[in-house]
Amino acid sequence: MSVVSCTPSIGRPRAFDVDTALEKALDVFWRKGYDGTSLSDLTEAMGINKPSLYAAFGNKEQLFLKAIELYESRPCSFFLPALEKPTAYQVAEHMLYGAAMNMADQAHPQGCVVVQGALSCSEAAATVKEALLNRRVEGEQKLRARFEQAKLDGDLPASTDAETLARYLGTVLQGMAIQANNGATSEQLRQVAEMTLQAFPRAG
């Protein structure tokens, strides 16, 4: 936990918890999108003034990217932990069921902040959009490498196209994020996950 001491224009220095403030910023970005979020929205939610925000996080773009890093490292994150599963099927299963549970969780905004951010960014936010797209590509590359290893292990059929399989699974996950944002329930997303798994290639 890191605490930053900032000096407001009037009164004594005020300390605030950076991690807590970042969580609050993430929630605002998730609900309103990058373009739809103003600095006033952020400072109000985070309980700090603009100079404190700039001192601790940099500009709005830098704050958003820090919030995305926090989002991807949270305990409920399912993508990276899934890559550690022992079989390709379990990798897909963990990702799909994790998405079904997490993306429709009523405890936070629906969908995926990365997917929604990439879809809704304007031309003025081109740098942010590019960063989000690069994260998606990196994730797909990691998934492809995991499936390539599964082929070498005999866990996936030798004829499997690991690149297409990774893109297919990524496409389903993105679609689930959009469905969740449009109000789909966890059970409805779980049904999509089950149908996807029925078509997943398995050795033997």
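The values are calculated or read from the model by the stated rules, or taken from the named source; none is laboratory data. Since the model is a prediction, treat every value here as computed from it, not as a measurement. Every residue, glycine among them, receives a Cβ derived from its backbone with ideal geometry; neighbour counts consider all protein chains shown. Only protein heavy atoms, including side chains, enter the accessible area calculation; ligands, DNA and RNA are left aside. Shrake-Rupley method; radii C 1.70, N 1.55, O 1.52, S 1.80 Å.
Here are the numbers for the structure shown:
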{"item": "From the options 182, 134, residue that is over 18 Å from residue 111 (Cβ atoms), modelled with pLDDT under 95 and not basic (Lys, Arg)", "result": "134"}
{"item": "All positions within segment 27-70 that are under 15 Å from residue 114 (Cα atoms) and open to solvent by 30 Å² or more (accessible area, probe 1.4 Å)", "result": "27, 31, 32, 35, 36, 61, 62, 65, 66, 69, 70"}
{"item": "Residues of segment 156-179 satisfying the condition of being closer than 13 Å to residue 137 by Cα and hydrophobic (A, V, I, L, M, F, W, C)", "result": "166, 169"}
{"item": "Members of segment 71-125 that are over 23 Å from residue 191 (Cα atoms) and open to solvent by 50 Å² or more (accessible area, probe 1.4 Å)", "result": "72, 73, 75, 84, 86, 119, 120, 123, 124"}
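Conditions tested, residue by residue: (1) in contact (Cβ under 8 Å) with a residue 24 or more places away in the chain; (2) of a type outside the set (A, V, I, L, M, F, W, C).
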residue	(1), (2)
102	yes, yes
106	no, yes
131	yes, no
153	no, yes
180	yes, no
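Let's see how each residue does on (1) charged (D, E, K, R); (2) at pLDDT 90 or above; (3) assigned to a loop (DSSP other than H, G, I, E, B); (4) in contact with a strand residue (DSSP E or B) (Cβ under 8 Å, 6 or more places away or on another chain):
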{"site": "15", "(1), (2), (3), (4)": "no, no, no, yes"}
{"site": "24", "(1), (2), (3), (4)": "yes, yes, no, no"}
{"site": "45", "(1), (2), (3), (4)": "no, yes, no, no"}
{"site": "53", "(1), (2), (3), (4)": "no, yes, no, no"}
